[in-house]
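Notes follow the structure.
The values are calculated or read from the model by the stated rules, or taken from the named source; none is laboratory data. Here the structure is a predicted model, which means the values were calculated and not measured. Note: ideal-geometry Cβ built from the backbone for every residue, glycine included; neighbour counts use all protein chains shown. With ligands, DNA and RNA removed, areas are computed over all heavy atoms of the protein, side chains included. Shrake-Rupley method; radii C 1.70, N 1.55, O 1.52, S 1.80 Å.
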Amino acid sequence: MKKLVILVAALVALTMLGSAATRSKKNDISRNLDIFNSLYKELQTFYVDSIDAEKSINTAIAAMLNDIDPYTEYIPAKAQEKFRTMTSGEYGGIGSGIQMTPKGVIISEPYEGSPANVSGLRPGDLILMIDNDSVAGWDIEKVSEHLKGQSGSMLKVTVKRPWVEDSILSIDIKRGKIQIPSVPYYGMLADNIGYVTLNTFSEKSYQDVRAGVEQLIKDGAKGLILDLRGNGGGLVESAVQILGIFLPKGTAVLTTRGKGVLNEKVYKTSVNPVDTKIPLAVLVDGGSASASEIVTGALQDLDRAVVVGNRSFGKGLVQSTRQLPYDGLLKVTVAKYYIPSGRLIQAIDYSHRNPDGSVARIPDSLTTVFHTAAGREVRDGGGITPDVIIEYPDVNRLTYNVVRDNWAFDFATKYAATHPSIPAPEEFTITDEIYSDFKNFIDPKRFNYDKVCEVAVEQLRELAKSEGYMTDSTAAQFDVLAGMLKHDLNHDLDINRENITPYLANEILSRYYFNRGGIIYSLRDDESVDSASAILKSPRYTQILTPAPKK
């Protein structure tokens with residue numbers, strides 16, 4: 001059956017390969033479709049096992065589209081609710097994140113003020129039943145589907161609450177109209193520097209960002225930081241609207257070019273700005289993509305903001321949706337976008353693949369120099385390179401395992417069950433006592449992490465044996481080295497305390513102050529934010545935005 005699916009996928013992909021650069025001839029399209037239709041009918045008639053038509057065709061479609069680029073995708077009718085939620089930021093449901101664990105699906109993050117929050121659901125609650133249906137064996141998509149529903153409708157959720165006696169609880173919840181906040185937090189930092197963090201570019205993002213900026217300026221902000229780190233993008237129209245907050249009305253900020261000269265479109269800001277002069281910094285990282293790069297790149301090209309962080313993702317492709325039969329949707333790449341300097345920041349050329357089908361980023365040596373409005377040099381390809389580069393540290397394996405395996409999450413759940421309140425995010429700290437309790441909470445028998453030194457010693461020991469260097473003396477030395485490098489979990493947790501603490505603090509704070517609590521805490525020790533703040537209140541801001549003198 002696997003070979004069958006691969007064959008079907010390959011034949012469907014065949015109908016598209018001829019149009020990589022230009023449209024295929026009509027007779028080529030017709031011939032290949034006839035081949036595919038005939039082949040599939042023959043398989044349905046004669047193949048020894050039954051064939052799931054919907055599954056195999058969807059697999060074939062996915063293979064064909066993935067051969068073009070990862071952003072062009074088919075969205076069947078039953079999957080469109082999730083797509084609409086991503087673009088609008090709205091849905092009907094209980095308003096909570098959920099997470100799959102080895103025990104089942106749990107409540108991970110009730111949104112502040114949501115039906116889930118108001119009804120009393122808590123992070124860590126294990127979902128047992130929805131209405132009268134047991135969720136045993138359900139995947140996360142099926143649980144999500146049953147939690148969602150028309151605003152105002154009722155449902156009953158039965159959960160098992162950890163660390164509480166008599167913990168089986170049945171909770172009646174009235175679904176609501178859930179608006180996922182695109183701006184989870186804005187506030188004033190030291191020295192009257194305003195801060196706004198934006199998670200996504202949805203239909204409501206412009207209003208949320210504008211409201212935050214207006215309030216911060218009203219409160220006396222002398223500079224602004226727009227944090228787009230980890231923001232994977234969203235609607236192009238939302239990006240253009242947000243640019244209008246900081247640029248004069250009618251400013252050209254984006255050009256998209258599709259197939260043919262008639263498919264070029266210039267986007268201009270169309271709203272009255274809030275402030276076109278206030279010093280502005282934008283924070284980006286490798287997770288900042290698409291609409292985030294439109295905003296960042298336009299502000300950089302127009303010398304309106306200093307960009308701080310590290311290189312953005314590099315997605316310069318625009319998608320649009322096309323209606324298909326039986327209520328299907330095709331999200332298809334229709335254009336490339338160019339920011340005001342004329343540069344395209346797409347990092348990967350999907351139309352030119354390696355012999356093995358893989359693709360690679362455009363090397364820096366092949367990028368081209370462009371110039372900002374003031375004459376500063378900037379480059380195309382490979383995302384937006386910040387004006388001020390901050391090297392973010394890599395997450396080490398121990399910290400990764402603490403987060404991945406929910407040790408920090410589960411400890412925070414237990415901590416919240418026995419501590420009715422904690423200090424405000426501005427004052428909260430992971431004390432020695434809290435960290436000691438966390439270490440004791442971890443079961444060494446169940447904690448899995450890569451013991452790199454121990455593995456390396458054993459690999460070297462095997463190499464010494466295979467190459468004839470293993471003598472009694474050498475073996476004794478290996479034993480000594482293995483003893484010196486033997487991992488001790490308690491010791492490893494101590495030396496990695498600085499790395500683990502932010503994740504642990506974020507989990508604990510989210511139990512009391514939701515997402516904004518973790519953000520406020522993180523701002524207390526954030527190199528990018530500190531760097532941007534320092535630049536905004538110093539002459540360096542103007543110096544960065546001024547082109548270097550010509551030699």
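Given the conditions (1) open to solvent by less than 70 Å² (accessible area, probe 1.4 Å); (2) closer than 28 Å to Tyr541 by Cα, report the number of the one that Ser270 does not fulfil. It fails just one condition, (1).
Scanning the range 408-463 for residues that are closer than 25 Å to Asp166 by Cα, more than 31 Å from the chain's Cα centre (by Cα) and surrounded by 12 or more Cβ atoms within 10 Å (Cβ to Cβ) gives His419, Asp437. Within the option set Gly89, Gly97, being on the phi > 0 side of the Ramachandran plot and open to solvent by less than 20 Å² (accessible area, probe 1.4 Å) holds for one residue only, Gly89. The set of residues in the range 385-394 being open to solvent by 60 Å² or more (accessible area, probe 1.4 Å) and β-branched (Val, Ile, Thr) consists of Thr385, Ile389. If you go through the range 70-97 and keep only what is among the charged types (D, E, K, R) and modelled with pLDDT under 90, you end up with Lys78, Glu81, Lys82, Arg84, Glu90. Residues that are open to solvent by 20 Å² or more (accessible area, probe 1.4 Å), farther than 29 Å from Val236 by Cβ and not polar (S, T, N, Q) within the range 172-206 comprise Asp172, Lys174, Arg175, Met188, Leu189, Ala190, Asp191, listed in sequence order.
Quick test of your reading of the structure: Met100 fulfils all but one of (1) out of contact with any strand residue (DSSP E or B) (no Cβ under 6 Å at 6 or more places or on another chain); (2) at pLDDT below 95; (3) hydrophobic (A, V, I, L, M, F, W, C). Name the failing condition by number. Met100 satisfies every listed condition except (2). Screening Arg404, Arg397 for residues that are open to solvent by 10 Å² or more (accessible area, probe 1.4 Å), of a type in the set (Lys, Arg) and free of Cβ contacts under 8 Å to residues at least 40 places away in the same chain leaves exactly one candidate, Arg404. The condition of being of a type outside the set (S, T, N, Q), part of a strand (DSSP E or B) and either in contact with a His (Cβ under 6 Å, 6 or more places away or on another chain) or within 30 Å of Ser358 (Cβ to Cβ) (or both) holds for only one of Tyr74, Tyr91, that being Tyr74.
Taken as a whole, the condition of being closer than 25 Å to Tyr541 by Cβ, in a helix (DSSP H, G or I) and either in contact with an Asp or Glu (Cβ under 9 Å, 6 or more places away or on another chain) or at pLDDT 90 or above (or both) does not apply to Ala281. Only one entry of Asp34, Asp69 meets the criterion of being of a type in the set (D, E, K, R), more than 30 Å from Val403 (Cα to Cα) and open to solvent by 40 Å² or more (accessible area, probe 1.4 Å), and that entry is Asp34.
Residues of the range 226-238 include at least one that is part of a helix (DSSP H, G or I) and buried (at least 23 other Cβ atoms within 10 Å of the Cβ). Only one of the numbered conditions (1) open to solvent by less than 60 Å² (accessible area, probe 1.4 Å); (2) part of a loop (DSSP other than H, G, I, E, B) is violated by Ser531, and that is (2).
Residues that are outside any loop (DSSP other than H, G, I, E, B), crowded, with 20+ Cβ neighbours inside 10 Å and either polar (S, T, N, Q) or over 21 Å from the mean Cα position of the chain (by Cα) (or both) within the range 298-336 comprise Ala298, Leu299, Gln300, Asp301, Val306, listed in sequence order.
Of the residues making up the range 111-148, just one is within 26 Å of the chain's Cα centre (by Cα), surrounded by fewer than 17 Cβ atoms within 10 Å (Cβ to Cβ) and on the phi > 0 side of the Ramachandran plot, namely Gly113.
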